1. Name the trypsin sites (Lys or Arg not before Pro) in the range 1-92 that are in a loop by DSSP and that have at most 12 other C-beta atoms within 10 Å, would you?
2. Please list 3J(HN,Hα) in residue order for the range 37-42, calculated via the Karplus relation 6.51 cos²θ - 1.76 cosθ + 1.60 where θ = phi - 60°; whole Hz, with x for glycine and proline.
3. Which of (i) 15.2; (ii) 16.7; (iii) 16.0 is the computed Kirkwood radius over Cα pairs in Å for the structure on display?
4. Ignoring chymotrypsin sites (Phe, Trp or Tyr not before Pro) that are buried or in helix or strand per DSSP, and keeping those with at most 16 other beta carbon atoms within 10 Å, what is the longest stretch of the chain between them?
5. By how many nm would the segment from residue 2 to residue 97 grow when fully extended, if each residue of separation counts as 0.36 nm and the alpha-carbon distance is taken off?
6. Could you name the aspartates and glutamates whose alpha carbon sits less than 14 Å from that of residue 71, not counting residues in the same chain fewer than 8 places away?
7. For the pair residue 77 and residue 63, how long in nm is the line joining their label points, each one 7 Å along Cα→Cβ?
8. Among 15/92; 27/89; 21/67; 15/99; 15/89; 3/67, which pairs are too far apart, with a Cα-Cα distance over 26 Å?
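Throughout, read-outs are computed from the coordinates displayed, never taken from laboratory work. This is a predicted model, so every value here is computed, not measured. We place every Cβ from the backbone using ideal geometry, glycine too, and count neighbours over all the protein chains shown.
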Amino acid sequence: MTKQEIQQRVLQNGKPLGLDKFEWDEKAKVFSTREDNLILDFNGINHITFDTGPFCTFDTGSDCTFKTEEKCVCIRRDIYEIIEIQTGKTIKLNGCEIKGYTILEELKEYTITRTVKAKHKKK
């Protein structure tokens, strides 16, 4: 989907969200914005990652990931489930027709240093 197609699926105050107010990575299927009070209609579309501001309502398929601010909900129509997304948590919906979600741990980067002793060949 193009950014213009995504724009038609995201409403704020009943109007499509301005193209300059969100980012869409078509290849990775990631939607991101800091805007609030959005209605996002991705009904039947799976494997989307959303990163939004507060007070959003999502209508999505399965296997979607959410990182939102406060008071956001997700409506799943494949199993008719309403999920209140926990503030400050990143969640991933379960697969098709499986109720629930998983809370994802925040990834942390670590540097591991390893010392390797060189072996010398005998002459």
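1. Details: sites: 3, 9, 21, 27, 29, 34, 67, 71, 76, 77, 89, 92; in loops: 9, 27, 29, 34, 71, 77, 89.
Those that pass, being in a loop and sparsely packed, are 27, 34, 77.
2. 6, 9, 10, 10, 9, 10
3. (iii)
4. Working: sites that count: 55, 80, 110.
My reading of the result: 1-54 is the longest stretch.
5. Working: separation 95, 0.36 × 95 = 34.20 nm, distance 2.75 nm.
Here the answer is 31.5 nm.
6. In chain and number order, the partners are 35, 36, 51, 84.
7. Computed distance between label sites residue 77 and residue 63 equals 1.9 nm.
8. Working: 15/92 28 Å; 27/89 24 Å; 21/67 17 Å; 15/99 31 Å; 15/89 28 Å; 3/67 20 Å.
Result: 15/92; 15/99; 15/89 exceed 26 Å.
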